[in-house]
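Notes to accompany the following structure.
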Amino acid sequence: MKLPLLVLLSLTFSNVEAQDPAPYYITADHIFDGEVTHEGWAVLVKGNTIISTGPKEKVPMPTNSIKINYSNSTLMPGLIEGHSHLLLYPYNITDWDTQVLKETDSYRTARATVHARNTLMAGFTTARDLGTEGAGYSDVALKRAINEGVIPGPRLMVAGRAIVSTGSYGPKGYDNDMHVMLGAEPADGNALIRVVRDQIGKGADIIKVYADYRWGINNEAMPTFSIEELKLIVETSKSSGRPVVAHSSTIEGMRRSILAGIETIEHGDDGTLEIFQLMKEKNVALCPTLAAGDAIAQYRGWKKGVESEPEKIKRKRESFKAALQSGVTILAGGDVGVFAHGENVRELELMADYGMPVSEVLKSATSVNAKVFHLNNIGLIKEGMLADLLIVSGDPFKNISDLRKTKFVMKDGVVYRN
Ligand SMILES: [Zn+2]
């Protein structure tokens with residue numbers, strides 16, 4: 001009776017050995033480690049971890065290793081998308097109201113699985129997804145399916161429904177007798193405590209609030225929550241260890257968000273040097289979402305490259321310059337979903353186009369995003385970090401659009417593209 005068991009056991013052990021994945025020995029002409037670029041370096045990956053990196057002669061090459069080397073290439077940490085909506089797709093295909101009101105959560109989730117794959121294949125191995133816009137907690141389910149290996153996609157931090165003040169958010173313009181579902185969850189005053197906790201309970205990693213919205217007398221953006229309400233949201237969320245992020249484009253919405261303890265401000269379109277300096281002082285980061293404004297202007301008829309830039313784009317350029325001048329931490333996040341998933345690089349191209357040095361743009365999309373999002377095991381090519389890696393043809397430091405020439409994508413030690 002004992003012998004078969006022993007045989008079985010030894011078989012099991014040898015199977016485990018056989019399945020032990022071969023290490024990857026990866027070289028490239030340039031290796032950007034998330035902070036600095038090196039030439040003549042190599043990276044050794046075992047399992048899901050970077051176990052060695054440095055000059056080629058100092059990185060041991062195990063005999064059984066799988067060698068990855070593309071000529072004329074750059075290796076870098078997997079890119080981090082700072083602001084996505086995987087449950088949305090471009091508004092020039094289907095407008096936002098229709099997506100929110102007429103598409104079921106299940107239909108939208110089916111589409112989102114493709115969006116997730118496209119994001120990963122474009123080299124974005126992580127994404128902070130900031131609201132399902134009416135698709136409930138489908139992002140929580142999407143994240144689970146990705147983590148379980150059911151579908152390919154980036155590692156996700158998700159916000160769930162997001163929070164808006166009563167009366168401010170859309171879809172709008174329907175008869176008052178109609179019950180119209182909203183793109184986020186409304187709450188005010190002390191009820192915010194329950195809503196924050198409920199969203200956490202349902203799987204939100206982040207609490208997102210709309211600190212202002214287009215509900216002014218002339219549909220202009222105006223502040224929504226009072227500073228006391230924002231503080232209540234932050235206090236409630238922080239006690240669970242979750243950060244709060246704010247959609248805000250007005251100076252007053254930004255000011256309240258900063259003083260309430262919000263960690264990142266999304267959009268910041270009307271931001272001035274003074275408000276960005278206050279953000280820097282209070283350690284609040286800016287996620288400028290340049291690509292969203294650029295896309296929407298084109299959906300409204302702007303012929304980019306043919307016609308001169310609309311006023312809104314010119315103002316955004318000015319405010320981005322002020323942000324650069326202030327020294328505020330700038331994240332890379334494009335509000336992708338407004339434009340096509342997989343086109344995430346558009347934000348990085350625009351950051352460079354609007355005046356940010358390319359080396360800073362690449363840091364934003366890797367080490368800076370990781371640090372601000374409290375992800376201390378990604379964003380750098382360094383011993384002990386998770387093996388999230390991207391290889392592109394060419395040299396993005398010379399031509400940022402080379403980021404589109406994806407050759408190799410590894411997430412958590414698993415190769416998704418080669
Ligand atoms: Zn957004």
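Just so it is clear, none of the values below were taken in a lab; they were calculated from the coordinates. A quick note: this is a predicted structure, and the numbers were derived from the prediction, not measured. Note that each Cβ is placed from the backbone with ideal geometry, even for glycine, and that neighbours are counted across all protein chains shown.
Please build a GNM for the chain, connecting alpha carbons under 10 Å apart, and tell me which residue among ILE313, ILE31, ILE258 fluctuates the most. Judging by the Gaussian network model, the answer is ILE313. For MET157, the shell of other residues with beta-carbons less than 10 Å away shows a net charge of +1, using +1 for Lys and Arg and -1 for Asp and Glu. Helix 290-299 and the longest principal axis of the Cα set of the chain meet at an angle near 60°. Enter the angle in degrees (range 0 to 90, nearest 10) between the Cα long axis of helix 227-238 and the first principal axis of the Cα atoms of the chain, meaning the one along which they spread out most. For 227-238 against the chain, the angle is about 20 degrees.
Relative protection proxy for 289-297, 125-133, from highest mean packing down: 125-133, 289-297 (other beta-carbon atoms within 10 angstrom).
Structure note, pairs LYS208/LYS405; LYS56/LYS411; LYS56/LYS371: Cα-Cα distances above 25 angstrom occur for LYS208/LYS405; LYS56/LYS371. DSSP beta bridges fully contained in region 79-372 are about 10 percent antiparallel. Is region 79-372 rounded, prolate or oblate when judged by the Cα gyration tensor, a ≥ b ≥ c being the square roots of its eigenvalues, rounded requiring a/c under 1.5 and prolate requiring a/b larger than b/c? Rounded, because the longest to shortest axis ratio a/c is under 1.5. Give the cross-link partners of LYS303 among the aspartates and glutamates, using a straight C-alpha distance below 13 Å as the criterion and excluding same-chain residues fewer than 8 apart. Partners found: ASP294. Under the rule a/c < 1.5 gives rounded, and otherwise a/b versus b/c splits prolate from oblate, where does region 274-418 land using the Cα gyration tensor? Oblate shape, in that a/c is at least 1.5 and b/c is the bigger or equal ratio. Among the chymotrypsin sites (Phe, Trp or Tyr not before Pro) found in region 146-233, those both in a DSSP coil and sparsely packed, with 14 or fewer other Cβ atoms within 10 Å of their Cβ, are TYR174.
Just checking the listed ones, ASP388, ASP97, ASP177: in the Gaussian network model of the chain with Cα springs under 10 Å, the one fluctuating most is ASP177. Under the combined filter of DSSP loop state and at most 10 neighbouring Cβ atoms within 10 Å, region 302-346 retains these trypsin sites (Lys or Arg not before Pro): LYS303. Between the helical axis of 105-121 and the longest alpha-carbon principal axis of the chain there is an angle of about 50 degrees.
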